[in-house]
Amino acid sequence: MLESMGRRPEPVTGWWNSVQFLELGDTTIVEAWLHGDHDGVRHLVESLHARSRASAERVAQDPAFMEFLSDRMARLA
């Protein structure tokens with residue numbers, strides 16, 4: 001999804017291997033997965049996804065932000 005939005009593939013895939021999470025014992029997602037913490041990784045990814053969706057839903061309910069976003073998109077078109 002991020003690549004389809006114009007992000008370069010290296011930072012997108014690199015994130016999994018460079019960002020440490022307290023929830024995974026201060027390891028990256030890749031490190032935790034390779035150490036066998038599959039349940040911890042699944043839980044973290046599901047949690048990150050749920051938080052992202054909740055944030056998007058909150059933003060969508062903010063008329064001022066949606067107006068700002070529509071204006072910015074019109075300028076880019």
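Which one of GLU23, GLU10 is free of Cβ contacts under 8 Å to residues at least 12 places away in the same chain and open to solvent by 100 Å² or more (accessible area, probe 1.4 Å)? Give the derivation first.
Values: GLU23 fails: free of Cβ contacts under 8 Å to residues at least 12 places away in the same chain.
Result: GLU10 is the single residue among GLU23, GLU10 that is free of Cβ contacts under 8 Å to residues at least 12 places away in the same chain and open to solvent by 100 Å² or more (accessible area, probe 1.4 Å).
Considering only residues of segment 27-76 that are open to solvent by less than 80 Å² (accessible area, probe 1.4 Å) and in a loop (DSSP other than H, G, I, E, B), which is modelled with the lowest pLDDT?
Looking at residues that are open to solvent by less than 80 Å² (accessible area, probe 1.4 Å) and in a loop (DSSP other than H, G, I, E, B), I get ASP62.
Have a look at LEU69, LEU76, LEU48, LEU44 and point out the one that is within 20 Å of the chain's Cα centre (by Cα) and farther than 20 Å from PHE21 by Cα.
Details: LEU76 fails: within 20 Å of the chain's Cα centre (by Cα); LEU48 fails: farther than 20 Å from PHE21 by Cα; LEU44 fails: farther than 20 Å from PHE21 by Cα.
None of the other options fit; the residue is LEU69.
The values are calculated or read from the model by the stated rules, or taken from the named source; none is laboratory data. Small disclaimer: the values here were computed from a predicted structure and weren't measured. Cβ atoms come from the backbone with ideal geometry, glycine included; neighbour counts cover every protein chain shown. Surface accessibility is based on the protein's heavy atoms, side chains included, excluding ligands, DNA and RNA. Shrake-Rupley method; radii C 1.70, N 1.55, O 1.52, S 1.80 Å.
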